[in-house]
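Visitor: Quick one: this structure, given as structure tokens, is what I'll be asking you about.
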Amino acid sequence: MIESPSALFRVEEIVSAHPRIKAAILGGEDFATSVGMIPDPETLFLPKMTVLFAARAAGIAPLGMIGTIADYKDLNTTKEIISRSKKFGFEGASCIHPSVIPLLNKGFTPSVEEVENAKRIVEDYAEAERKGIGAIEISGMMIDVPVADRACALLRRHTAICIKEGRK
């Protein structure tokens, strides 16, 4: 957990320090206090994204929400923050109140539609590759290596969640 400006400036070194480190997160409240800022989505965006990029570079899970975890009673805003955080690449987050746990689980779990779309992309792109084709179109969207890789990552994440929950 990165909680100070000095740690933020060393985040790459910190998250790569040992192979047992599996995730990284910015401690938004502590960080905001240490720099004298109000912890909100706007002010925490840059430091949270910096930790996300360092985590991705280190091959570990980026955790967090682009906002504060302290305002846990406004569940609608929390849902929006979770959705935005997922869009930016975060894989999960911590919380300070149990009422947020179902929102985190639902918000960071790939939806049925996302899983089905990813399966189609992976299958259709694998077929295209067998034919020596480097890019295809699905529903008006170009599919090439990075898009197919992103779909594979979503399916791996979905599978890991299902295994953790005892589902197939």
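Visitor: Apply 1/(1 + (r/R0)^6) to the Cβ-Cβ distance of Arg56 and Lys131, taking R0 = 30 Å, and write down the FRET efficiency to the nearest 0.05. All intermediate terms of the calculation are to be shown ahead of the outcome.
Guide: On the way: r = 32 Å, r/R0 = 1.06.
Calculated value: 0.40.
Visitor: Still on this model: For region 99-149, calculate the relative contact order in percent as a whole number, restricting contacts to Cα pairs under 8 Å that are 6 or more residues apart. Spell out each step's value before the answer.
Guide: Values: 23 pairs, mean separation 13.3, N = 51.
This gives 26 percent for region 99-149.
Visitor: Oh, and also: When only C-alpha pairs under 8 Å and at least 6 residues apart count, what is the relative contact order of the chain, in percent? Display every interim value, and only then the final one.
Guide: Working: 207 pairs, mean separation 25.3, N = 168.
Value for the chain: 15 percent.
Visitor: Same structure again: Taking 0.36 nm per residue of separation and subtracting the Cα-Cα distance, what length does fully extending Ala160 through Glu116 add? Could you put the intermediate results ahead of the total?
Guide: Working: separation 44, 0.36 × 44 = 15.84 nm, distance 1.60 nm.
That pair, Ala160 and Glu116, stretches by 14.2 nm at full extension.
Visitor: Can I ask one more? How long is the gain from Asn76 to Met141 if the chain were fully straight, where each residue apart is worth 0.36 nm and the alpha carbon distance is subtracted?
Guide: Working: separation 65, 0.36 × 65 = 23.40 nm, distance 3.13 nm.
The span from Asn76 to Met141 would gain 20.3 nm if fully extended.
Visitor: List the longest stretch of the chain that has no exposed loop site; here a site is one of the chymotrypsin sites (Phe, Trp or Tyr not before Pro) assigned by DSSP to anything other than H, G, I, E or B, with at most 16 other Cβ within 10 Å. Mind showing how you got there, number by number?
Guide: On the way: sites that count: Tyr72, Phe88.
Free of exposed loop sites, the longest segment is 89-168.
Visitor: How much net charge surrounds Ile143 when only other residues with a Cβ under 14 Å from its Cβ are counted (Lys, Arg +1; Asp, Glu -1)? Please list the in-between numbers first.
Guide: Numbers: positive: Lys119, Arg120, Lys131, Arg150; negative: Glu123, Asp124, Glu127, Glu129, Glu137, Asp144, Asp149.
For residues surrounding Ile143, the net value is -3.
Visitor: Please give the per residue accessible area of the chain, computed with a probe of 1.4 Å over protein heavy atoms only, in Å².
Guide: Working: 10320 Å² over 168 residues.
Value for the chain: 61 Å² per residue.
Visitor: Of Leu155, Leu52, which has the most accessible area and how do the rest follow, probe 1.4 Å?
Guide: Details: Leu155 35, Leu52 10 Å².
Largest accessible area first, the residues go Leu155, Leu52.
The values are calculated or read from the model by the stated rules, or taken from the named source; none is laboratory data. This is a predicted model, so every value here is computed, not measured. All Cβ positions, even for glycine, are placed from backbone atoms using ideal geometry, and neighbour counts span all protein chains on display. With ligands, DNA and RNA removed, areas are computed over all heavy atoms of the protein, side chains included. Shrake-Rupley method; radii C 1.70, N 1.55, O 1.52, S 1.80 Å.
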